[in-house]
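Asks: One structure is given below, represented as structure tokens, and several questions about it will come after.
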Amino acid sequence: GPRGSGAIVGRGAHAPRLIIVSDFAGPAERQRGKVFGAAEAELIGNLVKRGFKITDRDVYSTLAVKCPLGPGLRPNPSEVKACGQHLTAELELLATDGLAGILALGPIAAAALGFEGAHNATLLLKVGARELPVVATDHPRDMLADPARKAPAWKAMQALLPRLA
């Protein structure tokens, strides 16, 4: 069926301290050209400001699957793999010396970075010549649907705190 139009590009800092990789955008986000819906963006914004003590200016947000998806559709493994090349190139462009780490939100984002099945875990990703910590945890939509997921997700994310200090 039709897949909508145009890829959503990442947005944010050109030399970020933190990169947030979400899984894919639903039709509403895609229409607005945003990575997250409003409630998700608020949850992530609070984590970044209050938790990591950095500002939006230090963050770059992008999608694992940039290809358009129809309403209610989830990307299949071949779409995730195909989009993974774009993600790798994007990360290499952004991996300056100031980059402290990557937050992978949701299982599709983790899989796109090569960490299939990782959850509330800290992993290392080779980006160009550097090894960067990646925290794979729940997507904000899942934390909003089940608030009990917030505390374990934040506990996992704290692995990045020493690097962001």
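The values are calculated or read from the model by the stated rules, or taken from the named source; none is laboratory data. It should be emphasised that the depicted structure is a prediction, and the values quoted were computed from it without experimental measurement. Neighbour counts run over all protein chains shown; Cβ positions are idealised from the backbone, glycine included. Only protein heavy atoms, including side chains, enter the accessible area calculation; ligands, DNA and RNA are left aside. Shrake-Rupley method; radii C 1.70, N 1.55, O 1.52, S 1.80 Å.
Asks: So how exposed is ILE8, as accessible area in Å² (1.4 Å probe, rounded to 10)?
Replies: 10
Asks: Using unit Cβ charges (K, R positive; D, E negative) and no other charged atoms, how large, in debye to the nearest 20, is the dipole of the chain about its Cα centre?
Replies: Taking the Cα centre of the chain as origin, the dipole is about 260 debye.
Asks: A follow-up question, please. Taking the Cα-to-Cβ direction at LYS34 and at ASP142 and moving 7 Å from each Cα, how far apart do the two end points lie in nm?
Replies: A separation of 2.2 nm, rounded to one decimal place.
Asks: Ordered by packing density, taken as the mean number of other Cβ atoms within 10 Å over each peptide's residues, highest first, how do 138-150, 120-132 rank?
Replies: In descending order of packing, they fall as 138-150, 120-132.
Asks: Related question: Percent relative contact order of the range 47-130, based on C-alpha pairs within less than 8 angstrom and at least six residues apart?
Replies: In percent, rounded to a whole number, it is 24.
Asks: Going by average Cβ density within 10 Å per residue, which order do the peptides 80-87, 46-53 take, highest to lowest?
Replies: 80-87, 46-53
Asks: Can you give the convex hull volume per residue for the Cα atoms of the range 65-151, as a whole number of Å³?
Replies: Hull volume normalised by residue count: 106 Å³.
Asks: What is the spin-label model distance, in nm, from ALA129 to ARG163 if the labels are put 7 Å beyond Cα along the C-beta direction?
Replies: So the two model labels end up 1.8 nm from each other.
Asks: Quick one: what Rg and Dmax do you get for the range 27-88 from the alpha carbons, in Å?
Replies: When restricted to the Cα atoms of the range 27-88, Rg and Dmax are 13.7, 37 Å.
Asks: Do you know the relative contact order of the chain, to the nearest whole percent, from alpha carbon pairs under 8 angstrom that are 6+ apart?
Replies: It rounds to 25 percent for the chain.
Asks: Using 22 Å as the Cα-Cα cut-off, could you pick out the over-long pairs in LYS49/LYS126; LYS81/LYS126; LYS66/LYS150; LYS81/LYS155?
Replies: Pairs exceeding 22 Å: LYS49/LYS126; LYS66/LYS150; LYS81/LYS155.
Asks: For the pair ARG11/ARG57, report the inter-label distance in nm, with labels modelled 7 Å from Cα in the Cβ direction.
Replies: 1.8
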